[in-house]
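Right, one structure below, let's go through it.
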Amino acid sequence: MISQQERRAVLEACRALPSPRGTDEDFDFIMHLVMTVLDYQLRGTTISRAGAHFRRGPALRLKTATDLRKFFDQYPDDRAGNTAAAQELWGYNYWNRAQQLRQLLEHFISVGVTDKEKLRAWAANSDFEHDFQGKVKGLGFAIYKWLVMRLGVDSVKPDIRVHRFLRRATGRALSNEEAVSVVESVAKELGRSARELDFSIWEAEG
């Protein structure tokens, strides 16, 4: 549990942060899924290049959930098949990310989420433990938070930069839940959105 002293330390650290220079992009349904499996634990340049590769080719023909499902139907759901799919999608041999995208797509189809508006509604009403946890191997709490934030949910993603910022402020490692709770709390006190504060932390820790 966060102590009052720790909360005050986080509050003052956040108070010193400027407004973020940039914000998240406005993706379509397929790009939201693609970035969910790409935008974690990879270098920024790799993510940018993979995203650019996808936009130049696959994005032009993969417009719907049905399109993406038909694309995956061409490739066996094994390491070789998913490596080939990954090469086509983003030009890298990240077969596990292609497998995650395949599974994420099937999960959303299974709950009737097949376009951006339905995905946005899902994000606004979803709960990590009930609606995301364990659905796709390797996609955890921080990735869920980043997905729903991109869809407009006012929250924080407890990634490595947020944890590093909070460790420096409090002097200890916080759990994911503590990190989200304390940043959301101080954002409210500072009159800022949690999403904006998250972006400020991300830029400051870059």
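Before moving on, here are some points about what is shown:
- Single condition residue 70 does not satisfy, out of (1) open to solvent by 50 Å² or more (accessible area, probe 1.4 Å); (2) more than 23 Å from residue 196 (Cβ to Cβ); (3) touching a residue at least 12 places away in the same chain (Cβ under 8 Å); (4) not hydrophobic (A, V, I, L, M, F, W, C): (3)
- Between 177, 205, the distinction of being out of contact with any Pro (no Cβ under 6 Å at 6 or more places or on another chain), open to solvent by 50 Å² or more (accessible area, probe 1.4 Å) and acidic (Asp, Glu) belongs to 177 only.
- Against the numbered list (1) touching a helix residue (DSSP H, G or I) at 6+ places or on another chain (Cβ under 8 Å); (2) under 25 Å from residue 132 (Cα atoms); (3) open to solvent by 20 Å² or more (accessible area, probe 1.4 Å); (4) not β-branched (Val, Ile, Thr), residue 9 comes up short only at (2).
- Where helices (runs of 4 or more DSSP H) sit wholly within the range 31-82, those with at least 2 residues that are among the charged types (D, E, K, R) and under 17 Å from residue 119 (Cβ atoms) occupy 65-73.
So that you can scan it fast, the table gives a plain yes or no per residue for (1) closer than 30 Å to residue 163 by Cβ; (2) under 17 Å from the mean Cα position of the chain (by Cα); (3) open to solvent by less than 50 Å² (accessible area, probe 1.4 Å); (4) of a type outside the set (D, E, K, R):
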residue	(1), (2), (3), (4)
17	yes, no, yes, yes
20	yes, no, yes, yes
27	yes, yes, yes, yes
51	yes, yes, yes, yes
54	yes, no, yes, yes
76	no, no, no, yes
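- Options 81, 152; residue that is within 30 Å of residue 6 (Cβ to Cβ) and free of Cβ contacts under 8 Å to residues at least 40 places away in the same chain: 152
- Taking the criterion of being crowded, with 17+ Cβ neighbours inside 10 Å and in a loop (DSSP other than H, G, I, E, B), the residues of the range 92-113 that qualify are 92, 94, 113.
The values are calculated or read from the model by the stated rules, or taken from the named source; none is laboratory data. Predicted model only: the values in this text are computed from it and were never measured. We place every Cβ from the backbone using ideal geometry, glycine too, and count neighbours over all the protein chains shown. Remember, those area values only see protein heavy atoms, side chains included, never the ligands or the DNA or RNA. Shrake-Rupley method; radii C 1.70, N 1.55, O 1.52, S 1.80 Å.
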